[in-house]
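The values are calculated or read from the model by the stated rules, or taken from the named source; none is laboratory data. In this text, all values refer to a predicted model and were calculated from it rather than measured experimentally. Note that each Cβ is placed from the backbone with ideal geometry, even for glycine, and that neighbours are counted across all protein chains shown. For accessibility, only protein heavy atoms count, side chains too; no ligands or nucleic acids. Shrake-Rupley method; radii C 1.70, N 1.55, O 1.52, S 1.80 Å.
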Amino acid sequence: MKKEQGSTKRLVLVGNGMAGARLLEELLERGAGDLFQITVFGDEPYGNYNRIMLSHVLAGEDGEESIYLNELGWYAENGIELRAGVRVDDVDLPAREVVDADGGRTPYDVLVIATGSSPHFPPMDGLRREDGSLLPGVSGFRSLDETRAMLEEARRYGTGTTPAKAVVIGGGLLGLEAAKGLQNHGLDVTVIHSPAHLMNQQLDADAGAVLRRSIEEAGISVVTGARTTGLTACTEQSGSGRVSGVVLKDGRSFPADMVVVTAGIRPNTDVGLRAGLVVERGVVVDDQMRCVDQPETPAGPGQVYALGECAQHRGETYGLVAPLWEQATVLADVLTGADPDAAYHGSRTSTKLKVAGVDVAAIGQAGPEHPDDEHVVFSDVRRGLYQSVVVRDGRLVGATLLGDTRKTAALQQVFDRGLPLPEQRVELLFDLGATAEGSVEDLADDAQVCNCNGVTKGDICGAVASGCSSVKGVMDATRAGKGCGSCKEVVSTIVEHAVAAGGGALTEDPSVHWYVPGVPLRKDELVAAIREQHLTSVSSVFAALAPGGAEDAKSKMGLTSLLRTLWPTEFVDERDARFINDRVHANIQRDGTFSVVPQMKGGVTTPDQLRRIADVADKYGVGMLKVTGGQRIDMLGVRKEDLPKVWEDLDMPSGYAYGKSMRTVKTCVGTDYCRFGLGDSTALGIALEERFQGIETPAKLKLGVVGCPRNCAEAYVKDVGVVAIGGGKWEVYVGGAAGASVRKADLLATVDSPEAVIQLTGRFIQFYRTWGNWLERTYDFVPRLSIERVRLVLVEDSDGMCAQLDEEVDAACAAYRDPWKEREAPDAPGRFSAPALPLLPLPVVPRRPMGAPGGTPREQLPVEIVMPNEEALVSGAMAGAQQ
């Protein structure tokens, strides 16, 4: 609810990344909702997400949905105005106003700058095109959009018979993670690193050599001590202008179908520079995170603060996630008055994580720096093990563990607390906490277990003492394990010991089986309750079934899908329960415009449709026309206010490229033209798409039909794939995938007519709709139940439910309405009105010579300072978002 102006102060946060979002959480915990009217500007059109986990998304280990920390609905629920996709250009300090890129002004009483950092692209010949954009096939690896682009490239080039080649420039943490992720998609990967050994910011040369051997044994090529000076581009007509290779300073060259640059980051200080704040490597702050030397304003002393990767404190900038959390805690105490004297004194850095499949822990110094430093090393190159400790004046000042990190918790305690050391220093490596179990017993209560979120052993034991008896419950209560996730094993062990010490037994949190997090019921229980009470809207489900009737933003989309499945004609559509894509029936892009994909049944189109698409693209200034992998045309860059007019001029149905629904049916040309065709795949594909168009499912659904086993339309890797095998027979496959996960589908049945294909497909879809978990793809659903069980139910009718499934899918298909017809009567006034603050490119900031003092006039701004990517991304791999 919007607060009355004047009753609260206006707090504006510029930056919606991990640092800014953590500050919001800390503020709300201290009652800031009653103290401030909060507005947040975010450069990306999303809620905030865990950038550390982007490498897991690239590797196919997690989906995008799993990395969101706070989705869009969370902001509204907490009374926060989020201006997603709106870049801030300047700050007018005397007027106390934030200026967006379009010139719009937002007043503030308190301003916090948390603009994070951006990838650094070192000077390389051929890196950019004449318009300043990156050469096609070249990408950074820092944002969700960049990760999506890398996945698209990897899928495009990783599926051929000959592995495509990828080059990763930069062998730090992020570069090695990118290399592993691309290798998972079938690419032949080479890492090129300018320093002499990998991860040089965390490891000494010996540890780097052990890591290199482990990486190379995993099949990734490594080149060190070599600087990339140029990129080459294709000259063939098919790939004109696209990257084709990299060139090193020593003259060597490497072919490349795609290049990922992870060569460092630079703090995003442009807003601070334009505002006239003191900027060196970052925006300079004091111990309370207040920007130094702020000019007085008519309203009093300056109230501008900075935190995260864009901030510089006592000469240091941090890219680790733990220091960002510590800064957020201090600033929240200061702003809310919870502790007006709170102060940040800097952070001692350490991390534990898995790099390209190799466990790595780095605490303090990587090696000796003083002549009298003691350095104890154990190295077993063959087994990929390296362990070392650095001791100075009787205190542990550094430790490195590679390949076996079980002693990390115990060594961390010695490092943090300055505990006495054994006379034989080697005992630090071989006696202290010889097992993970032993080490957690020895940990003091104030020993930090989760570096990402600053959670101690005492915090974890306290959560157990408060009644949590499951690992998930403790993690939810303390945030332990919610960052990079590398501490989960230790957290689990501590929880197990704490529960046992209290005379209890470790339990499994029942919420892991709930269909949605806000309603404590399994899917079967939830369905039964909804049917019994005839609940037809999301709000009625919350009112009847959620604890205290509380609504939960993360549950709304799943409930909407389920209710549409159960009540195809009676469902009450409450649009606040839908994501922006579903509300406007288009896919939002990073610049706030939308992607429009009209339906082309079976991938077949007509000259008239193509003319209309071309005319619409010209009329509305569509930024790009892209042929999709689903045999359709994607119109990218459509403005929100133009959507209804675009739909009207196209006069084509929605292709549902934005929803959790049946998306498309990909077909080959079948028997009409192909000399190998055994069945009319085109006609069957069109019939399937007409039958099941737009039907909502727990996750997106992609179909494919091929006219022979040559599989030109990739039916074997679709959610439902149909293959003609001759003699009028068709094979029906289910549970395939060819995205981040790759899985050949299972044969469900062989049938003898197109009509039987359509019936069996409908049964499977309805069975999946009924029993699939929210966001569970069919490639997880089918193995979970087993193909044998699915076949018994759908083919042999073992449970006697086939008739019911047929009836239910009939009702769902009959309820289909083309959502693009909504242009004639929008569900809400202003649904398609123009955004108040459109996104514009950020102008280039002039620079001043390096070394000039801070606070100089705007025409003499400092040079770009580049932080080494390896140091900046330890543990907090992408902690500070861009705005």
* Asked: Is there a residue being within 30 Å of Gly629 (Cβ to Cβ), out of contact with any Leu (no Cβ under 7 Å at 6 or more places or on another chain), part of a loop (DSSP other than H, G, I, E, B) and open to solvent by less than 30 Å² (accessible area, probe 1.4 Å) anywhere in the range 546-561?
  -> no
* **Scan of the range 126-148 for residues that are of a type in the set (A, V, I, L, M, F, W, C) and farther than 25 Å from Tyr49 by Cβ, ordered by number** => Leu127, Leu135
* **Failed item in (1) modelled with pLDDT under 90; (2) more than 27 Å from Leu54 (Cα to Cα), with Trp325 passing the rest** => (2)
* **Extreme residue, modelled with the lowest pLDDT, among residues of the range 575-622 that are surrounded by fewer than 16 Cβ atoms within 10 Å (Cβ to Cβ) and in a loop (DSSP other than H, G, I, E, B)** => Gly621
* What's the number of the condition Ala164 fails, among (1) closer than 16 Å to Ser244 by Cα; (2) of a type in the set (A, V, I, L, M); (3) surrounded by 24 or more Cβ atoms within 10 Å (Cβ to Cβ)? -> (3)
* Say whether the condition of being in a loop (DSSP other than H, G, I, E, B), within 17 Å of Asp270 (Cβ to Cβ), open to solvent by 20 Å² or more (accessible area, probe 1.4 Å) and acidic (Asp, Glu) is met by at least one residue in the range 86-109. => yes
* Structure fact -> Across (1) surrounded by 24 or more Cβ atoms within 10 Å (Cβ to Cβ); (2) touching a Pro at 6+ places or on another chain (Cβ under 9 Å), Tyr157 clears everything bar (1)
* Asked: What is the one condition in (1) over 30 Å from Ala550 (Cβ atoms); (2) at pLDDT 90 or above; (3) among the hydrophobic types (A, V, I, L, M, F, W, C) that Leu144 does not satisfy?
  -> (1)
* Can you tell which of Val512, Val516 is surrounded by fewer than 20 Cβ atoms within 10 Å (Cβ to Cβ) and in contact (Cβ under 8 Å) with a residue 24 or more places away in the chain? -> Val512
* Taking the range 523-557 only, how many residues are over 24 Å from Glu65 (Cβ atoms) and basic (Lys, Arg)? -> 1
* Asked: Given the conditions (1) closer than 20 Å to Pro107 by Cβ; (2) open to solvent by less than 20 Å² (accessible area, probe 1.4 Å); (3) modelled with pLDDT under 90, which single one is not true for Asn50?
  -> (1)
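Listed here are the residues, each with its yes/no results for (1) surrounded by fewer than 21 Cβ atoms within 10 Å (Cβ to Cβ); (2) in the same structural domain as Gly364 (by TED's automatic domain parsing); (3) among the polar types (S, T, N, Q).
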{"residue": "Ser244", "(1), (2), (3)": "no, no, yes"}
{"residue": "Gly251", "(1), (2), (3)": "yes, no, no"}
{"residue": "Gly272", "(1), (2), (3)": "no, no, no"}
{"residue": "Val292", "(1), (2), (3)": "yes, no, no"}
{"residue": "His313", "(1), (2), (3)": "no, no, no"}
{"residue": "Tyr318", "(1), (2), (3)": "no, no, no"}
{"residue": "Gln327", "(1), (2), (3)": "no, no, yes"}
{"residue": "Ala332", "(1), (2), (3)": "no, no, no"}
{"residue": "His345", "(1), (2), (3)": "yes, no, no"}
* Residues within the range 764-791 that are surrounded by 14 or more Cβ atoms within 10 Å (Cβ to Cβ) and more than 19 Å from Pro698 (Cα to Cα), tallied -> 1
* **Which numbered condition Glu130 misses (of (1) open to solvent by less than 40 Å² (accessible area, probe 1.4 Å); (2) without any contact (Cβ under 8 Å) to a residue 12 or more places away in the chain; (3) more than 30 Å from Leu35 (Cα to Cα))** => (1)
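Tell me the residue from Gly230, Gly241, Gly208, Gly186 that is at pLDDT 90 or above and not in a helix (DSSP H, G or I), please.
On the way: Gly241 fails: at pLDDT 90 or above; Gly208 fails: not in a helix (DSSP H, G or I); Gly186 fails: at pLDDT 90 or above.
The conditions single out Gly230.
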* **Matching residues, the range 700-722, being within 28 Å of the chain's Cα centre (by Cα), open to solvent by 10 Å² or more (accessible area, probe 1.4 Å) and either within 9 Å of Lys666 (Cβ to Cβ) or without any contact (Cβ under 8 Å) to a residue 24 or more places away in the chain (or both)** => Lys702, Glu714, Lys718
* To do: State whether one or more residues within the range 92-102 are within 17 Å of the chain's Cα centre (by Cα) and closer than 24 Å to Glu146 by Cα.
  => no
* To do: Show the residue pairs that are 6+ apart or on different chains and have beta-carbon atoms under 9 Å apart, the first residue being within the range 15-35 and free of Cβ contacts under 8 Å to residues at least 24 places away in the same chain and not assigned by TED's automatic domain parsing to the domain that holds Asp89, the second being open to solvent by 10 Å² or more (accessible area, probe 1.4 Å) and assigned to a loop (DSSP other than H, G, I, E, B).
  => none
* Asked: Can you pull out the strands (runs of 3 or more DSSP E) entirely within the range 1-83 that have at least 2 residues that are farther than 21 Å from Glu309 by Cα?
  -> 9-14, 36-42
* To do: Scan the range 648-699 residue by residue and report those that are modelled with pLDDT of 90 or more, touching an Asp or Glu at 6+ places or on another chain (Cβ under 8 Å) and either open to solvent by 30 Å² or more (accessible area, probe 1.4 Å) or assigned to a helix (DSSP H, G or I) (or both).
  => Asp649, Pro653, Thr671, Asp680, Thr682
* Structure fact -> All conditions in (1) within 20 Å of His120 (Cα to Cα); (2) open to solvent by less than 50 Å² (accessible area, probe 1.4 Å); (3) within 26 Å of the chain's Cα centre (by Cα) are true of Gln201 except (2)
* Restricting to the range 468-508, what's the tally of residues that are open to solvent by 30 Å² or more (accessible area, probe 1.4 Å) and under 26 Å from Met557 (Cα atoms)? -> 6
* Asked: Assuming Thr349 fulfils every condition listed in (1) open to solvent by 10 Å² or more (accessible area, probe 1.4 Å); (2) without any contact (Cβ under 8 Å) to a residue 40 or more places away in the chain; (3) touching a helix residue (DSSP H, G or I) at 6+ places or on another chain (Cβ under 9 Å) apart from one, which condition is it?
  -> (2)
* **All positions within the range 378-422 that are assigned to a loop (DSSP other than H, G, I, E, B) and of a type outside the set (Lys, Arg)** => Val381, Gly384, Asp393, Gly394, Gly403, Asp404, Thr405, Gly418, Leu419, Pro420, Leu421, Pro422
* Asked: Out of (1) more than 30 Å from Arg383 (Cβ to Cβ); (2) without any contact (Cβ under 8 Å) to a residue 60 or more places away in the chain; (3) open to solvent by less than 50 Å² (accessible area, probe 1.4 Å), what's the single condition that is false for Thr235?
  -> (3)
* For the range 727-752, name all the residues that are open to solvent by less than 40 Å² (accessible area, probe 1.4 Å) and hydrophobic (A, V, I, L, M, F, W, C). => Trp730, Val732, Val734, Ala737, Ala740, Ala745, Leu748, Ala749, Val751
* Does Val167 fit the bill of being part of a strand (DSSP E or B) and either of a type in the set (A, V, I, L, M, F, W, C) or assigned by TED's automatic domain parsing to the domain that holds Ala713 (or both)? -> yes
